[in-house]
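*Asks:* Handing you this structure, nothing more for now.
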Amino acid sequence: MVPMPSADSRPDSPASQRTRLLAIARDSIAHGLEQGEPLALDPEQEAPALRAPRASFVTLEQDGQLRGCIGHLEALTALACDVAENAYAAAFRDPRFPPLSAEEWDRTRISVSVLTPPQPLTFASEAELLDLIQPGIDGLILSEGSHRGTFLPSVWSQLPSPEAFLRHLKQKAGLAPAYWSDRIQVARYHTDSFSE
């Protein structure tokens, strides 16, 4: 009798999808070190959930310190392809860091965050906005005119209060920490985040 595969070993299980996305991210960076370009994927060869358009971020860390983070806030392409592109970009195109070197590769840890579609928040004041934010859960996109910034939910570990989270997010968007205007727009999203 052939044993039935466990639920986590099926290609369509969430655990298998997470394992595959981490492998795609690692393979894309390795390909970038060797070939100077991201891994090209055929999404039709992937599980259905990885073929669907989804937005993602890929974060690189070394010794607990950020080493690159690039992603999309809107779904532009198949999730598998988005992760491959973002992993390459986090390693070689994050303007805050030099391109990843082969010597650094072995000590680089990869995290992938898959985003839900952003949902606009409705508020009439900064106090109302602060009441809507769910610490530890929400990622936020803040925009006003040409200013825009986002924090993934993982940033709550460094900025645990809504007030600090919002102040730093305004700074990331290029605004003063105490700035407020009726034109500020904020959307929330959640993530499924996983690491090697």
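The values are calculated or read from the model by the stated rules, or taken from the named source; none is laboratory data. Bear in mind the structure is a predicted one, so any value in this text is a computation, not a measurement. Counting neighbours? That spans all protein chains shown, and the Cβs are built from the backbone with ideal geometry, glycine included.
*Asks:* When you go through 186, 112 one by one, which is the residue that is crowded, with 18+ Cβ neighbours inside 10 Å, in contact with a helix residue (DSSP H, G or I) (Cβ under 9 Å, 6 or more places away or on another chain) and within 30 Å of residue 35 (Cα to Cα)?
*Replies:* After applying the criteria, what remains is 112.
*Asks:* Further, regarding this structure: Could you check the range 94-196 for helices (runs of 4 or more DSSP H) lying wholly inside it with 2 or more residues that are assigned by TED's automatic domain parsing to the domain that holds residue 77 and either touching a residue at least 40 places away in the same chain (Cβ under 8 Å) or touching a strand residue (DSSP E or B) at 6+ places or on another chain (Cβ under 6 Å) (or both)?
*Replies:* Working: elements: 102-105, 126-132, 162-172.
The qualifying helices (runs of 4 or more DSSP H) are 102-105.
*Asks:* Something else: So which of 91, 55, 87, 75 is modelled with pLDDT under 95, in contact with a strand residue (DSSP E or B) (Cβ under 8 Å, 6 or more places away or on another chain) and either farther than 21 Å from residue 190 by Cβ or not assigned by TED's automatic domain parsing to the domain that holds residue 149 (or both)?
*Replies:* Details: 91 fails: modelled with pLDDT under 95; 55 fails: modelled with pLDDT under 95; 87 fails: modelled with pLDDT under 95.
When all the criteria are applied, what remains is 75.
*Asks:* Taking the options 143, 161, 157, name whichever one is modelled with pLDDT of 95 or more and within 27 Å of residue 64 (Cβ to Cβ).
*Replies:* Details: 143 fails: within 27 Å of residue 64 (Cβ to Cβ); 157 fails: modelled with pLDDT of 95 or more.
The unique qualifying residue is 161.
*Asks:* Looking at residue 61, is it loosely packed, with under 13 Cβ neighbours inside 10 Å and either within 28 Å of residue 118 (Cβ to Cβ) or modelled with pLDDT of 95 or more (or both)? Steps first, answer last, please.
*Replies:* Values: loosely packed, with under 13 Cβ neighbours inside 10 Å: no; either within 28 Å of residue 118 (Cβ to Cβ) or modelled with pLDDT of 95 or more (or both): yes.
So residue 61 fails the test.
*Asks:* Would you call residue 80 under 23 Å from residue 15 (Cα atoms), surrounded by 20 or more Cβ atoms within 10 Å (Cβ to Cβ) and in the same structural domain as residue 14 (by TED's automatic domain parsing)? Lay out the reasoning, then the answer.
*Replies:* Values: under 23 Å from residue 15 (Cα atoms): yes; surrounded by 20 or more Cβ atoms within 10 Å (Cβ to Cβ): yes; in the same structural domain as residue 14 (by TED's automatic domain parsing): yes.
Here the answer is yes, as residue 80 does meet what is asked.
*Asks:* Further question: Pairs only if they're at least six apart or on different chains, beta carbon under 6 angstrom, first in the range 41-62 and among the aromatic types (Phe, Trp, Tyr), second part of a strand (DSSP E or B); list them, first residue then second.
*Replies:* Sorted first by the residue in the range 41-62, then by its partner, the pairs are 57/71; 57/113.
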